[in-house]
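To start, the structure under review is shown below, and the notes come after it.
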Amino acid sequence: MTTTAALADLDDFGIEVPSWAYGNSGTRFKVFTTPGTPRDVFEKVADAAQVNALTGLAPKVSLHIPWDRVEDFGKLAAFAADHGVAIGGINSNLFQDDDYRLGSLTNSDARVRAKAIDHHRECIDIMRQVGSTDLKIWLPDGTNYPGQDSLVGRQERLADSLAQIYAELAGDERLLLEYKIFEPYFYTMDVPDWGTSLLHCLALGERAKVILDTGHHAPSTNIEFIVMQLVRVGRLGAFDFNSRNYADDDLIVGSADPFQLFRILDQIVAQGAHRPDSGVNFMLDQCHNIEEKIPGQIRSVLNVEQALAKALLVDRDALAAAQRAGDVLGANEILTDAYETDVRARLADRREERGLPRNPVRAFAESGYARRVADERIGGTQASWGA
Ligand code: PSV
Ligand code: MN
């Protein structure tokens with residue numbers, strides 16, 4: 001197969017960017033502010049639209065509720081369309097309310113559980129107003145001390161709460177459930193791993209799928225194996241891409257370990273899950289604390305595209321033959337050959353052929369957009385992680 005033919009699938013590939021990547025963010029030690037930071041979700045969408053305009057790779061923006069709550073979501077969807085993008089997944093928020101100190105969907109207090117379930121009714125309503133099909137749930141519930149609560153009781157309450165939320169969905173709407181090994185709780189999390197997420201999804205039904213956030217595993221977890229298994233059973237709903245050195249670092253995807261990103265996308269391509277009809281929503285979940293936000297997102301989507309391009313270059317027929325023949329080193333070489341191919345010029349050519357800049361990061365710097373919004377966005381309160 002020619003390189004051009006191998007890369008043809010890139011035409012239909014899109015990555016969703018998170019609205020919260022454009023607001024101020026930081027660590028628990030400091031949230032940095034920068035001139036030109038969006039003050040509301042309209043300005044966040046305008047910034048996100050820059051990423052798509054320069055890369056052609058980011059046609060959707062995920063929202064986080066209540067951070068992105070507006071009076072008129074129809075107006076927001078129309079604003080997004082005017083800027084060449086659409087609204088993507090709707091992320092609920094169960095981690096910023098005093099009521100949720102001891103849990104939200106798992107809380108032993110039925111009133112608190114009802115409140116958390118109701119929040120998802122609001123999110124589903126928003127999905128319908130913006131034309132989105134994905135309800136994304138990250139459950140921040142857990143415990144800090146052995147004996148603090150009944151672990152099995154929490155699972156039963158969670159199963160019941162999720163069933164009530166799932167029952168609200170209609171048509172092609174989906175419930176996507178994210179897992180995370182630790183944080184904000186440090187003894188148990190109620191959905192700590194892909195097995196727990198998958199078990200809940202299987203109990204719920206066909207339209208419940210797992211979200212894999214690349215920052216949510218123990219060190220040295222083989223993430224591509226999890227990817228393979230979830231795709232295999234039709235339950236990989238979405239990625240939250242980012243990169244980590246230590247824990248949930250939320251750094252630019254592909255920055256710490258580009259070979260891991262390639263290995264993940266290799267398992268995706270091996271089962272054709274990069275194609276739009278696979279139903280895998282490729283999303284970023286990153287916060288840019290010290291780097292410029294729009295270029296940070298541009299770099300991120302380009303990193304994913306580059307890893308995907310290399311995965312598409314794997315000679316699958318030769319690989320299968322080497323595997324069948326038990327040629328251990330030969331098979332490994334076929335894979336690493338693809339990884340080591342320098343695709344940068346080819347991807348720049350493809351962009352040029354499509355009327356996009358060869359170097360989107362440089363094009364953004366030269367566009368004057370950052371200076372313009374810094375001059376325009378005076379007054380008001382800058383959006384921040386958590387608002
Ligand atoms: C939790 O760490 C998480 O990955 C979830 O996806 C949240 O919605 C998101 O981060 C908030 O930044
Ligand atoms: Mn996430």
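Just so you know, all these numbers are worked out from the coordinates, no wet-lab data involved. Every value quoted in this text rests on a predicted model; they were computed, and no experiment measured them. Reconstructed Cβ throughout: ideal geometry from the backbone, glycine too, with neighbour counts over all protein chains shown.
Give, in whole angstrom and from largest to smallest, the semi-axes √(5λ) of the equivalent ellipsoid of the stretch 125-275, with λ running over the eigenvalues of the Cα gyration tensor.
Result for the stretch 125-275: semi-axes of 24, 22, 14 Å.
In Å, what Rg and Dmax follow from the Cα atoms of the stretch 189-328?
15.7, 49
Would you order Leu175, Leu204 from fewest to most other beta-carbon atoms within 10 Å of each residue's own beta-carbon?
Leu204, Leu175
Residues in the stretch 128-152 near a label at Arg121, defined as backbone nitrogen under 16 Å from the 7 Å Cα→Cβ point?
So the set is 128.
Considering only Cα-Cα distances, which of the following residue pairs are longer than 23 Å: Lys209/Lys293; Lys75/Lys293; Lys30/Lys60; Lys136/Lys180; Lys30/Lys209; Lys44/Lys75?
Going by Cα-Cα distance, Lys209/Lys293; Lys75/Lys293; Lys30/Lys60; Lys30/Lys209 fall outside the 23 Å limit.
From zero up to wherever the largest Cα-Cα distance of the stretch 236-298 sits, split into 5 Å bins and tell me the percent of pairs in each.
Values per bin, smallest distances first: 4, 16, 23, 24, 18, 11, 3, 0.
Rounded to the nearest 500 deg cm²/dmol, what is the calculated helix-only ellipticity per residue at 222 nm for the chain, with -39500 (n - 2.57) per DSSP H run of length n ≥ 4?
Value at 222 nm, helices only: -13500 deg cm²/dmol.
Mind telling me which of Gly131, Gly355, Gly14 comes out most flexible in a GNM of the chain, alpha-carbon contacts under 10 Å?
Gly355
Based on a Kirkwood Rh over C-alpha pairs, give the Stokes-Einstein translational diffusion coefficient of the chain at 4 °C and viscosity 1.567 mPa s in µm²/s.
Rounded, D is 60 µm²/s.
Just need the Rg to Rh number for the stretch 258-385, please, alpha carbons only, Kirkwood Rh.
Here the Rg-to-Rh quotient is 1.10.
What FRET efficiency comes out for the pair Arg372/Thr2, r = Cβ-Cβ distance, R0 = 35 Å, nearest 0.05?
The value I calculate is 0.25.
Just subtract the alpha-carbon distance of Ser278 and Gln155 from 0.36 nm times their residue separation and send over the number in nm, one decimal.
My answer for the length gained is 41.3 nm.
Largest first and in whole Å, give the semi-axes of the stretch 161-246's equivalent ellipsoid, each being the square root of 5 times a Cα gyration tensor eigenvalue.
Semi-axis lengths for the stretch 161-246 are 23, 15, 11 Å.
In the stretch 137-176, if every C-alpha pair distance is counted and binned at 5 Å from zero, what percent goes to each bin?
That works out to 5, 19, 24, 20, 14, 9, 5, 3, 1, in percent per bin.
Expected output is a single nm value to one decimal: the length gained when fully extending between Leu10 and Thr221, i.e. 0.36 nm times separation in residues minus the C-alpha distance. What is it?
73.2 nm
Which of these, Gly272, Gly296, Gly89, has the largest mean-square fluctuation under a Gaussian network model of the chain (Cα springs below 10 Å)?
Gly272
Where both residues lie in the stretch 12-311, what percent of DSSP beta bridges are antiparallel, nearest 5?
15
Only Cα pairs under 8 Å and at least 6 apart count here; give the relative contact order of the chain as a rounded whole percent.
Contact order relative to length: 21 percent.
Could you give the spread of the C-alpha atoms of the stretch 2-132 along their three principal axes, from largest to smallest, in whole angstroms?
For the stretch 2-132, the Cα spread along each principal axis is 60, 33, 32 Å.
Working out 0.36 nm times the residue gap between Arg354 and Asp99, then minus their Cα-Cα distance, what length gain in nm do you get to one decimal?
86.8 nm
Please report the base-10 log of the normalised intensity I(q)/I(0) for the stretch 47-92, using a Debye sum with one equal scatterer per alpha carbon and no solvent, at each q in 0.17, 0.24, 0.30 (1/Å).
With one equal scatterer per Cα and no solvent, log10 I(q)/I(0) is -0.47, -0.86, -1.13.
Taking the chain as a Gaussian network, where each spring joins two C-alpha atoms under 10 Å apart, which residue of Ala208, Ala338, Ala167 fluctuates the most?
Ala167
Hey, with R₀ at 30 Å, roughly what FRET efficiency would Val328 and Arg362 work out to, going by the Cβ-Cβ distance, to 0.05?
0.10
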